[in-house]
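Colleague: First the structure, which I've put down as structure tokens, then a few questions once you've had a look.
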Amino acid sequence: MSNSGVQTRRSAVYLLDQVLGEGRLLSELIGSGALERLEPQDRARAQRLATETLRGLERADRLLQKHLQKYPPLTVRNVLRLATVELCQGGAAHGVVNDAVEIVARNKRTKAMKGLVNAVLRKVAAQGPDAWNALRVPRLPKWLRKPLVEAYDGETVLAMEAAQYRSVPVDLTPKSDAAALAEAVKGTLLPTGSVRLQDAGQVSALPGFKAGDWWVQDAAAAIPARVLNAQKGETVLDLCAAPGGKTMQLAATGAEVTAVDDNPARMERVRENLKRTGLKAKLIVGDVMAQTGTWDAILLDAPCSATGTMRRHPDLPHAKDGSEFAELIGLQSWMLDHAVSLLKPGGRLVFCTCSLLPDEGEVQIDEALERHKGLSVDKSALDLPGIDPAWITQEGGLRLRPDFWADQGGMDGFYVACLKKDA
């Protein structure tokens, strides 16, 4: 196997060490340059290997425990996990095993275990592929699974877990003509107007990327801006705007958009995407709570647990433990109250979170309505193409889940509600 293969797998193991040992997120690691030394195609492969290993971690551990009397140090264990996932998903045994042994042998702290790694993986290569699919779909960790079962039910959570275990397609949001984009990239036009690719390959090589005709955005994440329905000439405030998919949607309507986020690096990405797509918005790097003025329409994509994005980010349940829930819920309420104060009489506010937890969605709206007597839920804003009436909740919001559209690749979990201020 080439040195490139060893380096790619070694980098994937490093990512696993950081997520499982240090509680760091893949997005944080990659954003800080963890894979910069690799060529672009190897960088993408290392990220994919780490992601697929995290997705299949429970299955890998169940297979490995049959061949281990005790667990080795974390790095060795992650080498075994990564190789097990590759072997059980069709990887060539010779290359996978040899690279795993070499990775362990190169490290002074682990080289004594190269014989163990070789022996275990030879057994996995012989027995693992047949046993792999007989294992249950990996479960969410208890800290997250318990509140989800309480919020929904066990059967629904199993369906979510099944959806999150599958490979995730890539969704594109068109700047204008969705049907034309679907034809150009040979994708599927989804009912809500996004275009889905089951095997996107190198995204930047797709037709229309350089021309700025579209951007990558999960189909569920594209719905809040559609619910807000910004109009040409309206003043629109996009709070917690990065990475900017919703900003571009709003700007494409011809509205006068101001986007605010406190993360300079992420806002630079918004700036680059606006330039690529030829769209215009005023960008403010700063505290959402410091914003003033009054606005025709506001979109608040509030900071949340991000539990709805686990199908695309399987590192989340391993890097987090739920200890931040209470703080996030309080922050969401605070931001929602401030956003209401910035809304013109007769204006509308879309509140959304990429969370599966009702405390970060339905409950927030119920409590906001109690705090603000001049506020009401506008259910009519959800009357959009592709929105299933069964997704609309009792208080008038929209609950999206990973198991919706399961046969088409699912969607992120999201909560969306449109609030209207009395004139």
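Colleague: Out of all the residues in the range 1-14, which are of a type in the set (Gly, Ala, Ser) and either surrounded by 18 or more Cβ atoms within 10 Å (Cβ to Cβ) or in a helix (DSSP H, G or I) (or both)?
Modeller: Ser4, Gly5, Ser11, Ala12
Colleague: Search the range 52-98 for residues being part of a loop (DSSP other than H, G, I, E, B) and surrounded by 17 or more Cβ atoms within 10 Å (Cβ to Cβ), and hand back the single one that is modelled with the lowest pLDDT.
Modeller: Gly91
Colleague: Kindly provide the set of residues from the range 316-361 that are of a type in the set (A, V, I, L, M, F, W, C), within 30 Å of Leu57 (Cα to Cα), touching a residue at least 24 places away in the same chain (Cβ under 8 Å) and out of contact with any Leu (no Cβ under 8 Å at 6 or more places or on another chain), ordered by number.
Modeller: Of everything in the range 316-361, those that are of a type in the set (A, V, I, L, M, F, W, C), within 30 Å of Leu57 (Cα to Cα), touching a residue at least 24 places away in the same chain (Cβ under 8 Å) and out of contact with any Leu (no Cβ under 8 Å at 6 or more places or on another chain) turn out to be Leu328, Ile329, Cys354.
Colleague: List pairs: first in the range 133-158 and closer than 19 Å to Phe414 by Cα, second aromatic (Phe, Trp, Tyr), Cβ under 9 Å, 6+ apart or cross-chain?
Modeller: Every condition considered, the pairs that remain are Pro147/Phe325.
Colleague: So if I check each of Leu116, Leu140, which one is in contact with an Asp or Glu (Cβ under 7 Å, 6 or more places away or on another chain) and not assigned by TED's automatic domain parsing to the domain that holds Asp315?
Modeller: Checking each option against the conditions leaves just Leu140.
Colleague: Given the conditions (1) within 20 Å of Gly193 (Cβ to Cβ); (2) touching a Cys at 6+ places or on another chain (Cβ under 8 Å); (3) assigned to a loop (DSSP other than H, G, I, E, B), and given that Val350 satisfies all but one, which numbered condition is not satisfied?
Modeller: Going through the list (1) within 20 Å of Gly193 (Cβ to Cβ); (2) touching a Cys at 6+ places or on another chain (Cβ under 8 Å); (3) assigned to a loop (DSSP other than H, G, I, E, B), Val350 breaks only (3).
Colleague: For the range 38-51, enumerate the residues that are outside any helix (DSSP H, G or I) and surrounded by 16 or more Cβ atoms within 10 Å (Cβ to Cβ).
Modeller: Hit for the range 38-51 is Leu38, nothing else.
Colleague: Right, next: Within the range 15-37, does at least one residue satisfy the condition of being more than 14 Å from Val124 (Cβ to Cβ), acidic (Asp, Glu) and surrounded by 15 or more Cβ atoms within 10 Å (Cβ to Cβ)?
Modeller: yes
Colleague: Here's something else I'd like to know. What number of residues in the range 404-420 are surrounded by fewer than 19 Cβ atoms within 10 Å (Cβ to Cβ) and touching a helix residue (DSSP H, G or I) at 6+ places or on another chain (Cβ under 9 Å)?
Modeller: Residues that pass the stated criteria total 2.
Colleague: For the subset of the range 372-403 comprising residues that are of a type in the set (Lys, Arg) and in contact with a helix residue (DSSP H, G or I) (Cβ under 8 Å, 6 or more places away or on another chain), which member is farthest from Val216 (Cα to Cα)?
Modeller: Once the filter is applied, the top-ranked residue is Arg399.
Colleague: Against the condition in contact (Cβ under 8 Å) with a residue 40 or more places away in the chain, under 19 Å from the mean Cα position of the chain (by Cα) and closer than 30 Å to Ala423 by Cα, how does Asp296 come out, does it pass?
Modeller: Against the criterion (in contact (Cβ under 8 Å) with a residue 40 or more places away in the chain, under 19 Å from the mean Cα position of the chain (by Cα) and closer than 30 Å to Ala423 by Cα), Asp296 does not qualify.
Colleague: If you go through the range 163-186 one residue at a time, how many are within 21 Å of the chain's Cα centre (by Cα) and buried (at least 16 other Cβ atoms within 10 Å of the Cβ)?
Modeller: 10
Colleague: Then there's this: Return the residues of the range 176-196 that are assigned to a loop (DSSP other than H, G, I, E, B) and closer than 16 Å to Ala219 by Cβ; say none if nothing qualifies.
Modeller: Correct list: Gly187, Leu190, Pro191, Thr192, Gly193, Ser194.
Colleague: Could we say that Gln69 is of a type outside the set (Ser, Thr, Tyr) and free of Cβ contacts under 8 Å to residues at least 12 places away in the same chain here?
Modeller: Criteria met by Gln69.
Colleague: For the range 65-86, state whether one or more residues are more than 18 Å from Pro314 (Cα to Cα), among the charged types (D, E, K, R) and more than 28 Å from the chain's Cα centre (by Cα).
Modeller: yes
Colleague: Hey, can you tell me all the residues within the range 210-240 that are surrounded by 20 or more Cβ atoms within 10 Å (Cβ to Cβ), closer than 18 Å to Asp383 by Cβ and either outside the structural domain of Trp295 (by TED's automatic domain parsing) or out of contact with any Asp or Glu (no Cβ under 7 Å at 6 or more places or on another chain) (or both)?
Modeller: Ala222, Ile223, Ala225, Arg226, Val227, Leu228, Ala230
The values are calculated or read from the model by the stated rules, or taken from the named source; none is laboratory data. Being a predicted model, the structure only gives us computed values, none of them experimental. For neighbour counting, all protein chains shown are included, and Cβ atoms are generated from backbone atoms with ideal geometry for every residue, glycine included.
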